[in-house]
Amino acid sequence: MRLCEKLLRCPSISQQCKDLLHQAQRIVADNVAEYYYSGTDQEYWHIATDFPNLAPPFEICFIECRAPKTIVSREFGTTPWSPSMGYEWGTLCVATRKSQRLEALASLEGRHLLWKEIREDLACLLPTLRDWQAGRIIAPPKLEGDLERLAFSPEVLEQEVERLRQMLAWMQEGHWDQVQRGLESEPWEWTTDLLLFVTFGRGKRDPLGPLWWTRLRIREDGSVRATDQEAALWEDQPLGMVNEYLSALHTQDAATYASTLHQARLSLAPFLHTALLTISFLHCRNITLQEVRPSAKPLANSQKRRGEQRRAPLSYHVLDIRPLRETLRTEGGGGTRRHQARSAYLSRPFCPLYRARPVRQIQRHLLAPATRAGQHRAGCAYEGLPDQPARLRASP
């Protein structure tokens with residue numbers, strides 16, 4: 001049974017997430033995870049340069065991977081995969097196009113959804129900005145050596161808060177023409193929200209999540225919103241059990257909270273990277289997506305006693321990148337060579353539906369990676385999350 005089906009049967013997953021999973025294009029990308037961890041020895045990854053096209057191929061998709069057997073790293077050699085690092089993981093990707101927000105302005109219902117969405121964004125960002133200003137949030141300790149250093153930028157956060165305040169003011173005053181011009185002036189074409197789920201065993205009761213939320217803003221050419229130094233900008237926040245643990249730390253000193261939050265981010269970053277790498281590969285010509293429709297299994301006697309009903313298994317598509325890997329290998333593959341292998345793009349359906357984003361529960365952090373180097377190896381500081389002794393790939 002694949003992870004998506006486990007999540008749909010898991011009682012702890014919200015109905016909102018289950019509805020999105022039912023609507024999603026479900027993609028199994030096990031060989032992408034195998035390539036990421038074992039097929040290349042590239043240790044450090046950067047969103048702005050190592051994932052050449054992040055334009056959403058679908059409005060909603062769920063990308064899941066199972067763990068490889070080994071990790072190959074030019075810095076740390078070859079190491080076996082540890083069960084404590086996770087058995088399988090999946091990322092639910094929900095994309096909203098700029099045109100969808102502009103179309104929403106044509107109706108009262110759409111305007112209300114847009115106003116509600118912006119108000120929720122501002123309600124999440126304002127506490128974060130106040131905590132920065134009050135010193136309750138600080139940047140994590142800087143990393144030593146040839147490692148990625150994340151520049152936590154209150155200035156970017158201030159600009160985003162001011163932009164949202166201005167949009168709300170125009171809405172409240174009825175200046176919808178100003179709102180339209182404000183939306184049209186945004187330099188990004190898509191806003192992509194990514195929710196991460198992880199499981200540490202084969203059982204149906206093992207799925208955890210969502211554990212982390214990340215938002216990327218993508219330009220029309222598929223590049224991510226970035227600084228002048230090619231440092232990607234994104235928003236993220238812990239959810240679920242990660243949030244519960246960090247919430248307790250937030251009442252203690254800011255340094256402990258910042259350090260633990262950053263450790264969690266680094267531990268989960270590789271799972272996000274496999275989803276982003278899958279999106280990039282989906283734009284390549286020399287890949288295939290093959291639909292799989294599992295056959296229904298008869299109910300066991302214990303299931304019959306519990307009154308369970310027989311369900312039709314979910315179909316999904318398996319991504320095959322073997323032809324692309326051969327191209328990468330013959331061209332010297334890995335890292336930025338993917339820019340050369342991407343010879344053409346596939347046309348994918350993108351439904352023109354306006355969708356309100358999931359309500360988020362706690363404050364978020366606007367971040368900018370300061371360099372193009374990688375990130376350090378560090379285990380997660382709390383129980384139940386992946387402890388990755390090698391290949392803690394570069395920033396989400």
For the range 155-225, what is the convex hull volume of its Cα atoms per residue in Å³? 148 Å³
Contour minus end-to-end for ARG285 and ALA312, with contour as 0.36 nm per residue of separation and end-to-end as the Cα-Cα distance? 6.5 nm
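With a ≥ b ≥ c the root eigenvalues of the C-alpha gyration tensor of the range 179-314, is it rounded (a/c under 1.5), prolate (a/b larger than b/c) or oblate? Walk me through the numbers before you get to the answer.
Working: a/c = 2.39, a/b = 1.32, b/c = 1.81.
Oblate, because a/c is 1.5 or more while a/b does not exceed b/c.
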In this structure, among LYS69/LYS304; LYS116/LYS297; LYS18/LYS297, pairs with alpha-carbon gaps over 32 Å are LYS69/LYS304; LYS116/LYS297
Can you give the three extents of the C-alpha atoms in the range 231-299 along their principal axes, from longest to shortest, in whole Å? 52, 45, 15
P(r) of the range 153-193 over all Cα-Cα pairs, 10 Å bins starting at 0, rounded to whole percent, reads 27, 47, 25, 1
Calculate, for GLN303 and GLN252, the FRET efficiency according to 1/(1 + (r/R0)^6) with r their C-beta to C-beta distance and R0 41 Å; round to the nearest 0.05. 0.35
So how compact is the range 1-47: Cα radius of gyration and Dmax in angstrom? 14.9, 40
When the chain is fully extended, how far beyond the present Cα-Cα distance does TRP115 get from THR227, taking 0.36 nm per residue of separation? 37.6 nm
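Each reported figure results from applying straightforward, stated rules to the coordinates on display, with no laboratory input. In this text, all values refer to a predicted model and were calculated from it rather than measured experimentally. Heads up, the Cβs are rebuilt from the backbone with ideal geometry, glycines too, and the neighbour counts pull from every protein chain shown.
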